[in-house]
Structure formats: C-alpha cells, structure tokens
Amino acid sequence: MLRPIRTLAAAAAALALVSACNSAAKSTSSPSGTSAGTGAGATRGVSGTSVKVGGIVSMTSASGYSKKDTDLGAKARYLRANAEGGVNGRKIDYTGAEDDGQDPAKNLAAARKLVQQDKVFAVSPMSSVTFSGADFLEQQQVPTFGWGTTPAFCGPKFIYGFNGCLVPTPGGTLNQTWPEGIAQVLGGAKGKSVAVIANDSDAGKFGVRTFSQGFASAGFTVSYAKASVPGTAVPSDWSAYVKDLLSSNGGKAPDAVVSVMQTPNNIGLFTALKRAGYQGLLSDPTDYDPGLLAKDATKQALDGVYVLLQFEPFESADAKMAQFKADIKAASGGREVPLNMHMLTGYMSADLFVAIAKKAGRDLTVDSFQAAAQSFSDTGTLVGDRAEPLGQKNSFGCGALVQLKNGAYEVSVPFACHAPIPFK
C-alpha cells in the first residue's frame, strides 16, 4: 500500500498490492460525499493533509491476460505529484489497486470495499472489461477515472475516461483514429474491405458496433462484423472463425482483419489466419507491449500486426513521454522495466484526476471537484487535448498506429487527432 511520500525512494519501493475483498455494509455516504464516522461536514477520503484514492484493475483473469501494470502507472504519477508537494498541499494516499479478476461480481465487490471500508475520495485507475461497479460508484458520487472502453464511461456524471468516451450512446461521437490510420497504411479506404471480430461480451458487442460504423464512415466496406468469440476462454480451434473471415468479402478475404480482443485471443486468431495463408492487414488495440516480444512464438504470431494506440507512442521524442518514462523508473525503484500500454492507461487516469483536483482548489469536496470538472480543459497531453464534461460523451479523438516488425515496434502512423464522427 502506498501512503503519502516521506521520501521518494521509500515510496517507489512500496509496490505491494491490496487484495480484493467485499464489504457487505450498507453505505452511509451522503449526496455531498460525506460519510459517517468522519465528522460533521467531512468529505470521505479527505483530511487536512491527504486525499485517499484507490484503484480497480484486472490483475488476473481466466484467460491469463493481465492489466497489473496499470497499477504501477498510477503509482508512478501519484509519486511524482507527491514529490512535487501533492495536490494543493495534500499528499495523495494511494491504497493500490483491487484485483477484480475480470469478474463482474469481484468488480462490484472491489468498488464497495474501496468506498465503504477504505473510504476513498476517488477511484483511479479503473481498468477492466467488466465494470459492474459503475452504478454503485455513480450513486455514491465517487469520482472515477479509467480507460473509457465500456459504456459506463459515457454519460454518468462522476465517471471519466482518461481519453474520453470510446463507446458512446447515440448523440455522442466516435474516434476515427483506427479507420483513418488503416486507410493511410492501405493507401486509402476506397474499394477496401475490413472484417471486425470481437468477444461475445458487452464490451465486444459495443466494439463491433462502434468500429463497424467508424470504418464504414471512413469509406471501407465492412464485410464481417461479429462478436462471436467466447469471452470466458480462448478457443483451441480457430478454424471456423478463419473460414468465415476468409470468405466474408463476397467469397474472398477482406483487405484487413481488425480484432477487438485481448492478447491471448489475438495470438490464436492471427496465428490461424497466417497459417491459412492470409496476406492482408492485421490489427488490434491491445498488443503494444514489449514484454510480448520475450517469447519467440508470441513475437512470431504478432509480427506485422498494426496496433492502435490512443496516446503518444513510447518511441516518441516528446518531452512528456520522457517524463512518463522517468516516473515509471522511479516507481520501479530505479530499475529499467519494459514499458506497456497498461502502465500508460494507469498513469493517464491518475494524471486526469490530479489535474482536476488541482483545479478544485484547497477546499476539496465532491462538489468542488465536480464544479472544477465542469470547466476543465488542457492541451498537449500524451492523449491530446482534454476537456470535461465533453469527454463524458465524446472521445478526445487522438491516436497513432504502430507495427510490430522484425521484433520491434515502429511508428506507422504518427500520433494525431482526427475529427470525430456522430455515433448513430
């Protein structure tokens, strides 16, 4: 558990994780964010010297996929904030991330524990494909920050995506980085076809719906769009999926196959497609992780794959990327560690919380925090320009494409912002 920093070195070494558990007690939080036991008018998680924040992350999962480094990324940002004096004189008391095991029941249990037992002011980061604790956190008026890949980040007043809302409801907008980036790689979208495949889950179904619309709007023919792959276990036989994909474009293979799935599924699918002789473009939004290159089999399966990023690539020479790398090194006890996208999602979730909390001023309450968020904006961050409450309905619209090539990632389409399109 990471407590307010006494020395940077001591805090950087505090990487122990808090185990997930549930609290069955009924919340006594008031609409203003106060809680019983903290004194009249007190704000949950806020003292004169600190503000308490916790996280929820899928550290483990049935498929073996892990987002554990999201926790390290958040710690890195909080460490620097505390080293710089905290937020308006308060140190950030980061309790660490609860592991929801990518399980809906555990996600809700983790949210209840953080609020009812740990009495956090905010949850940041929240990174999981299941976010069943969203309604509870919204009802308890807990500012929550994470990767906006589920519908819960689109609309609620207290839940914020670090790069906006990525799966909006009608009336919102769609980020066009992926379609525009792939069109650039293919020399244009005209006459090109794309197949979109995802897990049979809420996140997968929303992914298929949103990306299908985005690719069609960019000028592609969407020849296949299904959330058909089981979400509970990685298939041992991909032949049926490969057969459908390779005949989806009027009996021919599509020009591009984009997978809205996690790494274990992507490895299985892409390997099967290559073995079947597929020569088209392969792409996904999750496999930007140098750690994947440690195994020859994994490196071979993902070779040539274009990965969507919604932040500056690690290969960027931007000064903010240099700061991120330095912060991760400090949080790792001075060790050089392989960077991955989960670190940055945790880091940027924490960064957005810190930025809004600073704007809220010394009198930190849920009301003052929300008031600050209502007029918040900044520019030139690692995810582009940010604005709230715009980000609770729209994506910030920025991103890049990198390709795994000859055992290393190369920037194929540099980080840029694209005009979003209306979601229907």
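The values are calculated or read from the model by the stated rules, or taken from the named source; none is laboratory data. All values derive from a computational prediction rather than experimental measurement. Positions of Cβ are backbone-derived with ideal geometry, glycine not excepted, and every protein chain shown enters the neighbour counts. Just the protein is used for accessible areas: all its heavy atoms, side chains included, with ligands, DNA and RNA removed. Shrake-Rupley method; radii C 1.70, N 1.55, O 1.52, S 1.80 Å.
Within region 306-313, not a single residue is over 20 Å from the mean Cα position of the chain (by Cα) and more than 17 Å from Ala74 (Cα to Cα). Checking Lys205, Lys243 one by one, the residue that is over 20 Å from Val305 (Cβ atoms) and touching a strand residue (DSSP E or B) at 6+ places or on another chain (Cβ under 9 Å) is Lys205 and no other. Does Ala110 meet the test of being of a type outside the set (Val, Ile, Thr), crowded, with 24+ Cβ neighbours inside 10 Å, farther than 26 Å from Val383 by Cα and out of contact with any Lys or Arg (no Cβ under 7 Å at 6 or more places or on another chain)? In short, yes.
A single member of Lys119, Lys75 is assigned to a helix (DSSP H, G or I) and either in contact (Cβ under 8 Å) with a residue 24 or more places away in the chain or more than 20 Å from Asp202 (Cβ to Cβ) (or both), and it is Lys75.
Between Ala111, Ala105, Ala25, the distinction of being modelled with pLDDT of 95 or more and in contact with a helix residue (DSSP H, G or I) (Cβ under 8 Å, 6 or more places away or on another chain) belongs to Ala111 only. Is it the case that some residue within region 321-334 is in contact with a Leu (Cβ under 7 Å, 6 or more places away or on another chain), under 18 Å from Tyr288 (Cβ atoms) and β-branched (Val, Ile, Thr)? So far as region 321-334 goes, yes, one or more of its residues are in contact with a Leu (Cβ under 7 Å, 6 or more places away or on another chain), under 18 Å from Tyr288 (Cβ atoms) and β-branched (Val, Ile, Thr).
Residues in region 248-262 that are part of a strand (DSSP E or B) and surrounded by fewer than 21 Cβ atoms within 10 Å (Cβ to Cβ): 2 in all.
When residues in region 193-244 are screened for being open to solvent by 30 Å² or more (accessible area, probe 1.4 Å) and hydrophobic (A, V, I, L, M, F, W, C), 8 of them pass.
So that you can scan it fast, the table gives a plain yes or no per residue for (1) in contact with a Lys or Arg (Cβ under 8 Å, 6 or more places away or on another chain); (2) under 30 Å from Gly384 (Cβ atoms); (3) β-branched (Val, Ile, Thr):
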| site | (1), (2), (3) |
| --- | --- |
| Leu166 | no, yes, no |
| Pro179 | no, yes, no |
| Phe211 | no, yes, no |
| Ser217 | no, yes, no |
| Val222 | no, yes, yes |
| Ala227 | yes, yes, no |
| Gly251 | no, no, no |
| Val258 | no, yes, yes |
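When region 329-342 is limited to residues that are modelled with pLDDT of 95 or more and not charged (D, E, K, R), the one that is nearest to Tyr94 (Cα to Cα) turns out to be Ala331.
Residues of region 167-184 that are touching a helix residue (DSSP H, G or I) at 6+ places or on another chain (Cβ under 7 Å), buried (at least 24 other Cβ atoms within 10 Å of the Cβ) and within 14 Å of Phe311 (Cα to Cα): Trp178 alone.
Over 22 Å from Thr379 (Cα atoms), in contact with a strand residue (DSSP E or B) (Cβ under 9 Å, 6 or more places away or on another chain), of a type in the set (A, V, I, L, M) and open to solvent by less than 30 Å² (accessible area, probe 1.4 Å), is that true of Ile159? Here the answer is no, as Ile159 does not meet what is asked. Inspect all residues belonging to region 118-129 and state whether any of them is surrounded by fewer than 21 Cβ atoms within 10 Å (Cβ to Cβ), touching a helix residue (DSSP H, G or I) at 6+ places or on another chain (Cβ under 9 Å) and modelled with pLDDT of 95 or more. No, that holds for no residue. Just one residue in the set Ala74, Ala12 is surrounded by 21 or more Cβ atoms within 10 Å (Cβ to Cβ), modelled with pLDDT of 80 or more and out of contact with any Lys or Arg (no Cβ under 7 Å at 6 or more places or on another chain); that residue is Ala74.
Selection of helices (runs of 4 or more DSSP H) fully inside region 285-388 by the criterion of at least 2 residues being surrounded by fewer than 16 Cβ atoms within 10 Å (Cβ to Cβ) returns 296-302, 319-331, 366-373. Cβ-Cβ distances below 6 Å connect the following pairs, each with a first residue in region 219-238 that is aromatic (Phe, Trp, Tyr), a second residue that is part of a loop (DSSP other than H, G, I, E, B), and a separation of six or more residues or different chains: Phe220/Ala189; Phe220/Lys192; Tyr224/Ser248. For region 160-212, a residue qualifies if it is modelled with pLDDT of 95 or more, in contact with a Gly (Cβ under 6 Å, 6 or more places away or on another chain) and small (Gly, Ala, Ser), and the qualifying residues are Gly161, Ala189, Ala198.
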